[in-house]
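The values are calculated or read from the model by the stated rules, or taken from the named source; none is laboratory data. Source: prediction; values computed, not measured. Backbone-built Cβ (ideal geometry, glycine too); neighbour counts: all protein chains shown. Heads up: the accessible areas ignore ligands, DNA and RNA and are worked out on the full protein's heavy atoms, side chains in. Shrake-Rupley method; radii C 1.70, N 1.55, O 1.52, S 1.80 Å.
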Amino acid sequence: MTVVIGFEGSANKIGVGIIRDGEVLSNPRRTYITPPGQGFMPSDTAKHHRSVILTVLREALDEAALTPADIDCVAYTKGPGMGAPLVTVALVARTVAQLWGKPLLGVNHCIGHIEMGRLITQANNPTVLYVSGGNTQVIAYSERRYRIFGETIDIAVGNCLDRFARVIKISNDPSPGYNIEQMAKKGSQFVELPYTVKGMDVSFSGILSYIEEAAHKMLSSGQSTAEDLCFSLQETLFSMLVEITERAMAHCGSQEVLIVGGVGCNLRLQEMMGVMCKERGAKLFATDERFCIDNGAMIAQAGWEMFRSGYVTELPDSWITQRYRTDEVEVTWRD
């Protein structure tokens, strides 16, 4: 039996999770929430993480009913993500690994999402749509790499949603994306917005600029409601994502889609992807907010796979990087 503890803190979530041979033993986390109309700054986010990380670590060990002696490896998010929060988590992981005398392992955040999705859903070899506040990629496994078939050429889909939430002052609790999803359910009028798919890639900055400028005019004149705008934005963004995912499936000859990342727990996105999959005779896999949203267990799971295939990060190499491509990692644990 191999037990791995994982530390995640690349954005506004701080989580510590423990995995034992595919079983999630514990997965507590905290979220740094800012007032409506504000995003989260790296330095403030790191300060939040520093204030709670030891409490979350204690919770993870207690919930799993384990002691440091039971842990075989300490995994942490190496990147991509926000610099200051990443450094905070790496520092704690490094310290814990040395205090406990355990090997250390730097994990790619994106691969953490993919491996967690594969574990929970038991998807075999899916085309992966990875959608979050910092990343938007369509990925498929081929020849020991997670290959990126399409991605955003500017901002991530979650960033687009979050920034629109700030424009119309939607609450950040529990998350702006979740609150947009709830408001969109009450929208009835579709407002046409720019739709930008470029081959296998998507662009969200134009649609954001357009709706940021149009929102105040439309709302003040009574042309449309905030709910209508949320509905229209979601429908347009998610249609673009379904289109590039379907194109990647056709290219790979795939009959499975796995949605991962924080935006992946949006039920409307899952519904739209489900319609496309049904038309193709394919199967859709998705997880709920426990595992879609950034969490420590996903880093532990990717670390478990990597550790068992011989990966270890030496202390001098245990740095972090804000840019870390999904296809940079050699996937030695898959056939």
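Given the options Gly134, Gly117, Gly39, name the one that is small (Gly, Ala, Ser) and open to solvent by less than 10 Å² (accessible area, probe 1.4 Å).
Only one candidate passes the filter, namely Gly117.
Farther than 13 Å from Val74 by Cα, surrounded by 17 or more Cβ atoms within 10 Å (Cβ to Cβ) and of a type in the set (D, E, K, R): which single residue out of Asp294, Asp288, Asp317 fits that description?
Exactly one residue qualifies, and that residue is Asp294.
Given the options Leu104, Leu91, name the one that is more than 19 Å from the chain's Cα centre (by Cα) and without any contact (Cβ under 8 Å) to a residue 24 or more places away in the chain.
Every option except Leu91 fails the conditions.
Out of Gly264, Gly303, report the one residue that is over 19 Å from Gly150 (Cβ atoms), assigned to a helix (DSSP H, G or I) and either in contact (Cβ under 8 Å) with a residue 40 or more places away in the chain or open to solvent by less than 10 Å² (accessible area, probe 1.4 Å) (or both).
Gly303
Listed here are the residues, each with its yes/no results for (1) at pLDDT 95 or above; (2) surrounded by 14 or more Cβ atoms within 10 Å (Cβ to Cβ); (3) assigned to a loop (DSSP other than H, G, I, E, B); (4) at positive phi.
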{"position": "Glu192", "(1), (2), (3), (4)": "yes, no, yes, no"}
{"position": "Tyr195", "(1), (2), (3), (4)": "yes, yes, yes, no"}
{"position": "Leu208", "(1), (2), (3), (4)": "yes, yes, no, no"}
{"position": "Ile211", "(1), (2), (3), (4)": "yes, yes, no, no"}
{"position": "His216", "(1), (2), (3), (4)": "no, no, no, no"}
{"position": "Ser220", "(1), (2), (3), (4)": "no, no, no, no"}
{"position": "Ser224", "(1), (2), (3), (4)": "yes, yes, yes, no"}
{"position": "Glu227", "(1), (2), (3), (4)": "yes, yes, no, no"}
{"position": "Cys230", "(1), (2), (3), (4)": "yes, yes, no, no"}
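If a residue must be surrounded by fewer than 19 Cβ atoms within 10 Å (Cβ to Cβ) and in contact with a helix residue (DSSP H, G or I) (Cβ under 7 Å, 6 or more places away or on another chain), how many such residues does the stretch 180-190 contain? Walk me through it before giving the result.
If we filter the stretch 180-190 for residues that are surrounded by fewer than 19 Cβ atoms within 10 Å (Cβ to Cβ), which is where we start, we get 182, 185-186, 188-190.
Now narrow it down to the ones that are in contact with a helix residue (DSSP H, G or I) (Cβ under 7 Å, 6 or more places away or on another chain): 186, 188-190.
Result for the stretch 180-190: 4.
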